[in-house]
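Chemist: Can you read through this structure? Questions will come right after.
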Amino acid sequence: PERNVNVSVDSAVRDVNAPVAVEVDRSVGEKPFAVVGGGVEDMYGEDTATEDQYITPWSVSVASGYSLLRDPHHNKGLAFTEKERDAHFLRGLLPPVVVNHDLQVKKMMHNIRQYQVPLQRYQAMMDLQQRNERLFYKLLIENVEELLPIVYTPTVGEACQKYGSIFENSQGLFISLKDKGRILEILKNWPHKKIQVIVVTDGERILGLGDLGCQGMGIPVGKLALYTALGGVRPSACLPITIDVGTNNEKLLNDEFYIGLKQKRAAGQEYAELMNEFMSAVKQNYGEKVLIQFEDFANHNAFDLLEKYRTTHLVFNDDIQGTASVVLGGLISALKLVGGSLADQKFLFLGAGEAGTGIAELIALEISKQTNIPLEESRKKVWLVDSKGLIVKSRLDSLQHFKKPWAHDHEPVNEFLDAIKTIKPTVLIGSSGTGQTFTKEVVETMSSLNEKPIILALSNPTSQSECTAEQAYTWSEGRAIFASGSPFKPVEYNGKLYVSGQANNAYIFPGFGLGLIISGAIRVHDDMLLAASEALAEQVTQEHFDKGLIFPPFTSIRKISAHIAAKVAAKAYELGLASRLPQPENLVAYAESCMYSPKYRIYR
């Protein structure tokens, strides 16, 4: 039979001699695979975990033999059985040994651990993703605590810095200023049509590393790998996109290996028109319910885009809203260690950008919800310090619009340490993007003011963290309740082992996105973020508190994501924003049943 051809499944002209077989994956019910002419393709869509409904296409694209081994969605490598090798023209294209999925995982982990340089481990994981998708996700799911810092922060930061040098194969869509007027056409070039989540960046503020232009693509790719591994969203439903409007990074502009537009960054009307065309094209091509996650946009654009499109699209900014939700979840947990309510605390931020103001607003919303006081009043419990000092009313005229709600009545304070001594906060939160700003004096002052100071050093990657776990525990004499944005190893102090938590957005956004998908939500509401925070805090047990943790371990992240998804979906139904009706009786069980499994399919 012919190979690599399009064959009509339900047609009088089908080759009557071509074998047709059905694959049944009993773990998820009957999901037939058409095997035509020795090739294999899922008749009902690559994976139906989060599909709206079963779809039977009129024709399928058939891969077999050598092409099947080069198809990451269906390739199983040495796990192809003897029967599969005969049926799909693989005999002789593989060594004779047949290994199972678990042994493949063991071998890959052994190989990855041989690399001493984190970037080499990152490249090995990306190579695997483009070679054998299901093995990649099984590896990541089963070794999440070890591999999360490799596929995402902090290693992804270095990968973005060197993306031009290590770039081999495209893993997403690149849309540049040169494509104005053709964005819808470009979206149609993507091979998968049933997209549920888009993560998009313009590369202007990558982690704490600044403008990396087109090389910011590592961020959407990494985030969407976590959407699948941690939140169970199908890989084929995920689309990473980079909007290239140039870069102001001179080093990149002079780099012969830079992969983006070599021009200064566009702004103003030119930028707005491109983004508007993009947002319209996404909605036109993928519908009302596709989630668009904005990632690592600079402050001025991040707030404007979220404000502009939140009423017309299903949009979410992880830097503003995701960070806020995960930090609020950690604070709710931390209160069980220090006592009192959220309204009893006084918060001081170092950093008043997307993350800082986003977290501050969600804290104020939660206090307002708990105490029934107006939001304007609850905001007065939160103070922010930016590069010019404490944000106060006398600075109002010179402040950016997103900082103005945090300008309180107080005399100007220029130095951060003086602000701590004046405000006397119980919670110190760093979102400055500047490393080592929580000095010994800062931590000691917090410790003199509080029996158990809550100190969150959130900036990424590790080099930009406001302080290390060892510094926080040592300078506070073991009294600090500490969490960071990037991971730190456990610290031994005075004979006691302290395990710090990681306030990683990966706790929130995968489950949050899954909740929006399973409910068919059409808009994101702040109450959904509060629900996600509360769901996260509920997953922290006494055993975790005994170790000093205010976040649960990542080993149970899929269970955590299912609970967050259920709470977010429930809120969507409550607010009348859900379109998938009727509402399932048990949302946790429903969320778990919708999650993608990396288990190999049997082809016959």
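Chemist: Touching a residue at least 40 places away in the same chain (Cβ under 8 Å), under 23 Å from residue 511 (Cβ atoms) and open to solvent by less than 10 Å² (accessible area, probe 1.4 Å) - does that describe any residue in region 367-385?
Modeler: No: region 367-385 contains no residue that is touching a residue at least 40 places away in the same chain (Cβ under 8 Å), under 23 Å from residue 511 (Cβ atoms) and open to solvent by less than 10 Å² (accessible area, probe 1.4 Å).
Chemist: Separate question: Just name the residue that is nearest to the chain's Cα centre (by Cα) out of those in region 149-178 that are hydrophobic (A, V, I, L, M, F, W, C) and open to solvent by 10 Å² or more (accessible area, probe 1.4 Å).
Modeler: 150
Chemist: Got at least one residue in region 567-584 being crowded, with 18+ Cβ neighbours inside 10 Å, under 29 Å from residue 458 (Cβ atoms) and either in contact with a Phe, Trp or Tyr (Cβ under 6 Å, 6 or more places away or on another chain) or modelled with pLDDT under 95 (or both)?
Modeler: Scanning region 567-584 turns up at least one residue that is crowded, with 18+ Cβ neighbours inside 10 Å, under 29 Å from residue 458 (Cβ atoms) and either in contact with a Phe, Trp or Tyr (Cβ under 6 Å, 6 or more places away or on another chain) or modelled with pLDDT under 95 (or both).
Chemist: Name the residue, out of 239, 306, that is part of a helix (DSSP H, G or I) and either out of contact with any helix residue (DSSP H, G or I) (no Cβ under 6 Å at 6 or more places or on another chain) or outside the structural domain of residue 518 (by the TED database) (or both).
Modeler: None of the others qualify; the one that does is 306.
Chemist: Of the residues in region 543-565, how many are assigned to a loop (DSSP other than H, G, I, E, B) and open to solvent by less than 60 Å² (accessible area, probe 1.4 Å)?
Modeler: Total meeting the criteria: 6.
Chemist: Of the conditions (1) among the hydrophobic types (A, V, I, L, M, F, W, C); (2) touching a residue at least 60 places away in the same chain (Cβ under 8 Å); (3) in contact with a His (Cβ under 8 Å, 6 or more places away or on another chain); (4) in a helix (DSSP H, G or I), residue 279 clears all except one; give me its number.
Modeler: (2)
Chemist: Exactly one of these conditions fails for residue 320: (1) open to solvent by less than 20 Å² (accessible area, probe 1.4 Å); (2) in contact with a Lys or Arg (Cβ under 7 Å, 6 or more places away or on another chain). Give me its number.
Modeler: Against the list (1) open to solvent by less than 20 Å² (accessible area, probe 1.4 Å); (2) in contact with a Lys or Arg (Cβ under 7 Å, 6 or more places away or on another chain), residue 320 comes up short only on (2).
Chemist: Pick out the one residue from 568, 540 that is out of contact with any Asp or Glu (no Cβ under 9 Å at 6 or more places or on another chain), touching a residue at least 12 places away in the same chain (Cβ under 8 Å) and in a helix (DSSP H, G or I).
Modeler: Only one candidate passes the filter, namely 568.
Chemist: Specify which of the listed residues (339, 353) is out of contact with any helix residue (DSSP H, G or I) (no Cβ under 9 Å at 6 or more places or on another chain) and either at pLDDT below 95 or open to solvent by 10 Å² or more (accessible area, probe 1.4 Å) (or both).
Modeler: Being out of contact with any helix residue (DSSP H, G or I) (no Cβ under 9 Å at 6 or more places or on another chain) and either at pLDDT below 95 or open to solvent by 10 Å² or more (accessible area, probe 1.4 Å) (or both) holds for just one of 339, 353, which is 339.
Chemist: On to the next question. Give just the number: which of (1) open to solvent by 10 Å² or more (accessible area, probe 1.4 Å); (2) within 30 Å of residue 307 (Cβ to Cβ); (3) among the aromatic types (Phe, Trp, Tyr) does residue 600 not satisfy?
Modeler: Against the list (1) open to solvent by 10 Å² or more (accessible area, probe 1.4 Å); (2) within 30 Å of residue 307 (Cβ to Cβ); (3) among the aromatic types (Phe, Trp, Tyr), residue 600 comes up short only on (2).
Chemist: Is it fair to say residue 274 is outside any strand (DSSP E or B), hydrophobic (A, V, I, L, M, F, W, C) and more than 15 Å from residue 246 (Cβ to Cβ)?
Modeler: no
Chemist: Still on this structure, please answer the following. Got a sec? Which of 229, 272 is open to solvent by less than 20 Å² (accessible area, probe 1.4 Å) and small (Gly, Ala, Ser)?
Modeler: Only one candidate passes the filter, namely 229.
Chemist: Taking residue 410 as meeting all but one of (1) modelled with pLDDT under 95; (2) more than 15 Å from residue 432 (Cα to Cα), write down the number of the exception.
Modeler: (1)
Chemist: For residue 415, work out the one condition from (1) surrounded by fewer than 22 Cβ atoms within 10 Å (Cβ to Cβ); (2) under 27 Å from residue 337 (Cβ atoms); (3) at pLDDT 95 or above it doesn't fulfil.
Modeler: Against the list (1) surrounded by fewer than 22 Cβ atoms within 10 Å (Cβ to Cβ); (2) under 27 Å from residue 337 (Cβ atoms); (3) at pLDDT 95 or above, residue 415 comes up short only on (2).
Chemist: Taking the conditions exactly as written (open to solvent by 60 Å² or more (accessible area, probe 1.4 Å) and either of a type outside the set (Lys, Arg) or in the same structural domain as residue 226 (by the TED database) (or both)), does residue 257 satisfy them or not?
Modeler: Criteria met by residue 257.
Chemist: While we're here: Across region 90-120, what is the number of residues that are open to solvent by 40 Å² or more (accessible area, probe 1.4 Å) and out of contact with any Pro (no Cβ under 9 Å at 6 or more places or on another chain)?
Modeler: 20
Chemist: Test residue 537 against the criterion of being in contact with a Phe, Trp or Tyr (Cβ under 7 Å, 6 or more places away or on another chain) and not aromatic (Phe, Trp, Tyr), and give yes or no.
Modeler: No; evaluated as a whole, the condition is false for this residue.
Chemist: Has region 187-204 got any residue that is in contact (Cβ under 8 Å) with a residue 12 or more places away in the chain, open to solvent by 10 Å² or more (accessible area, probe 1.4 Å) and assigned to a helix (DSSP H, G or I)?
Modeler: Yes: one or more hits.
Chemist: Still on this model: Of a type outside the set (Gly, Ala, Ser), open to solvent by 60 Å² or more (accessible area, probe 1.4 Å) and at pLDDT below 95: is that true of residue 66 in this structure?
Modeler: When the stated conditions are applied, residue 66 passes them.
The values are calculated or read from the model by the stated rules, or taken from the named source; none is laboratory data. Every value quoted in this text rests on a predicted model; they were computed, and no experiment measured them. Heads up, the Cβs are rebuilt from the backbone with ideal geometry, glycines too, and the neighbour counts pull from every protein chain shown. Protein only, heavy atoms only, side chains kept; ligands, DNA and RNA dropped before computing areas. Shrake-Rupley method; radii C 1.70, N 1.55, O 1.52, S 1.80 Å.
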